[in-house]
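Read the structure below first, then the notes.
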Amino acid sequence: MSPKPKVAMSIYSYGADIRRRRMTVEDAIEHAVSIGAEGIELVDKQHIPNYPYPSVYDLRKLRDYIESLGVKMVCYSTYVDRAILSDREATIGEMVKMMHEQIAVADVLGVKVYRPAILPSARVQGENAFIKERIELIKEVLPDLRKYNIKLGMEIHAPMQPELLLRLAKKVNDKSFGLIPDFSVWATKQALDTHIIGKAPLESFKAVMPYTIHVHAKAHMFNEKGEELTHPYKELITILKESGYDGYISAEFEGWWEGEDYDSKRVAETHINLIKRYL
Amino acid sequence: MADRLLLPDRIIRNMDVNKDGEIDGFQFNICNPFYTAEPVSSIRSIQLKIDGDEVDTEKTSLIIRNQRIKIKDAPTVYETWWRFGEVSSVLVEKPGGLTLGKHQLEINVRMRTSSGNYGFGEPEFPTKAIMEVE
């Protein structure tokens, strides 16, 4: 039997309820597992207890809770902050320090895929500068990644061009590095003003498959039949299946981020059912 | 739309800040309106009007996990983070506080983003509400 992708849930999807304190992170994890999530993804700035200074106790307790439900944490999504200081951007050294700390947290959490988000900067202009900066950062943490047996996944997220990240993956050429395509790159319709859509051709999704180590199934809007209206789910999941990808597809509902309220549990269930329907 | 999340309740409390038996300020709750945790240094300003009258920023503080941080000092507070969905409070120094009953609060929290440039400009969260002083 050929390998099949597995379904995970990014607790990001429960943002509407967590930010309103109607659900805790643990409530959301429990719900995600109850509706069939085979793995859990967490976002550092939303879900890590006592952020940004969790104790090892905090992290172990969270990991133990996830594993008590019979699943593991499958991706740790973080932000490498350029602009904490008011008067200047972070240096490469400061960004590397953040990444080292995040990889250590990932190791305590028992997670094997680490996604650092590195946002645009005025000082990094153009594709060559983009590649150069990322290679500088990745090279510094590769020894840690190899030691901890963790892969760094660079997310391909709209408005990035998949060809650029493919170029990066080929240059890095290391089994501790891969790509995390986010469906937003191949989105066909815009749902919110802040919803950036890539409208990239499906061939470019096929092209990144050999380097794909994790997937973000982005969603913004469902209809009453449970279909997602802004991304071509059937086509993208078919490509994943046919490529032999056997990692996780992590459901990532984002409709809540501007402040709209949702019943996160209902949306999460619709989302997981949609992915499973096409698997 | 996250401005709707900024005020989790409609209550203002008069406070005896220096514990001398006299009311010298007032305080109300605010919730982090951004979609992630942010360091306090990301707060550019908290602009307030009570019943149309502007509040002096020099007299305004954020109380976050029992730490009082004057808003004018916020740009250098890098190590204390306003967590995702966290309710903190705003304290305004005002001898005698506010009169009991209803008051209109206009508030705008302007922020930077610590991750870098999201491409949408710096977020701000203007909102207004009728608050009750208890």
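Among the numbered criteria (1) touching a Pro at 6+ places or on another chain (Cβ under 7 Å); (2) on the phi > 0 side of the Ramachandran plot, which single criterion is violated by B:N108? Only one criterion is unmet by B:N108, namely (2).
Exactly one residue out of A:P181, A:P143 is more than 14 Å from every other protein chain (Cβ to nearest Cβ) and not in a helix (DSSP H, G or I), and it is A:P181.
Each row is one residue, and each column tells you yes or no for (1) over 18 Å from A:A129 (Cα atoms); (2) at pLDDT below 95; (3) in contact with a His (Cβ under 7 Å, 6 or more places away or on another chain).
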| position | (1), (2), (3) |
| --- | --- |
| A:M154 | no, no, no |
| A:E163 | no, no, no |
| A:L166 | no, no, no |
| A:K171 | no, no, no |
| A:S176 | yes, no, no |
| A:L179 | yes, no, no |
| A:F183 | yes, no, yes |
| A:H195 | yes, yes, yes |
| A:G198 | yes, yes, no |
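Residue check: B:G52 meets all listed conditions (1) surrounded by 14 or more Cβ atoms within 10 Å (Cβ to Cβ); (2) in contact (Cβ under 8 Å) with a residue 40 or more places away in the chain but one, namely (1).
Report, by residue number, each residue of region B:116-132 that is among the β-branched types (V, I, T) and in contact with a Lys or Arg (Cβ under 6 Å, 6 or more places away or on another chain). Correct list: B:I130 only. Whenever a residue of region A:107-122 is within 10 Å of A:Y79 (Cβ to Cβ), its partners that are of a type in the set (G, A, S), lying with C-beta atoms within less than 8 angstrom and at least six residues away or across chains, give the pairs A:R115/A:S77; A:R115/A:G153; A:A117/A:S77; A:A117/B:S115; A:I118/B:G116; A:L119/B:S115; A:L119/B:G116. Being of a type in the set (K, R), surrounded by fewer than 16 Cβ atoms within 10 Å (Cβ to Cβ) and either over 25 Å from A:L42 (Cα atoms) or within 14 Å of chain B (Cβ to nearest Cβ) (or both) holds for only one residue in A:R134, A:R88, A:R82, A:R115, and it is A:R88.
The residues in region A:92-109 that are away from chain B (no Cβ under 14 Å) and either under 20 Å from the mean Cα position of the chain (by Cα) or not in a helix (DSSP H, G or I) (or both) can be counted, and the count is 9. Considering the conditions (1) surrounded by 14 or more Cβ atoms within 10 Å (Cβ to Cβ); (2) within 14 Å of chain A (Cβ to nearest Cβ); (3) farther than 30 Å from A:D193 by Cα; (4) more than 12 Å from the chain's Cα centre (by Cα), B:L98 is excluded by exactly one of them, (2).
Taking A:T24, is it under 20 Å from B:W81 (Cβ atoms) and without any contact (Cβ under 8 Å) to a residue 12 or more places away in the chain? So A:T24 fits the description; yes.
Flag: A:L192 matches the condition of being surrounded by 15 or more Cβ atoms within 10 Å (Cβ to Cβ), within 14 Å of another protein chain (Cβ to nearest Cβ) and not polar (S, T, N, Q).
Collect the residues in region A:206-253 that are under 15 Å from A:C75 (Cα atoms) and part of a loop (DSSP other than H, G, I, E, B), keeping them in residue-number order. Within region A:206-253, A:I213, A:H214, A:D246, A:G247 meet the criteria.
Residues that are within 13 Å of another protein chain (Cβ to nearest Cβ) and not charged (D, E, K, R) within region B:1-21 comprise B:M1, B:A2, B:L5, B:L6, B:L7, B:P8, listed in sequence order.
The values are calculated or read from the model by the stated rules, or taken from the named source; none is laboratory data. Treat the numbers as computed from the prediction; the structure is a model and nothing was measured. Here Cβ is always computed from backbone atoms with ideal geometry, including for glycine, and neighbour counts include all displayed protein chains.
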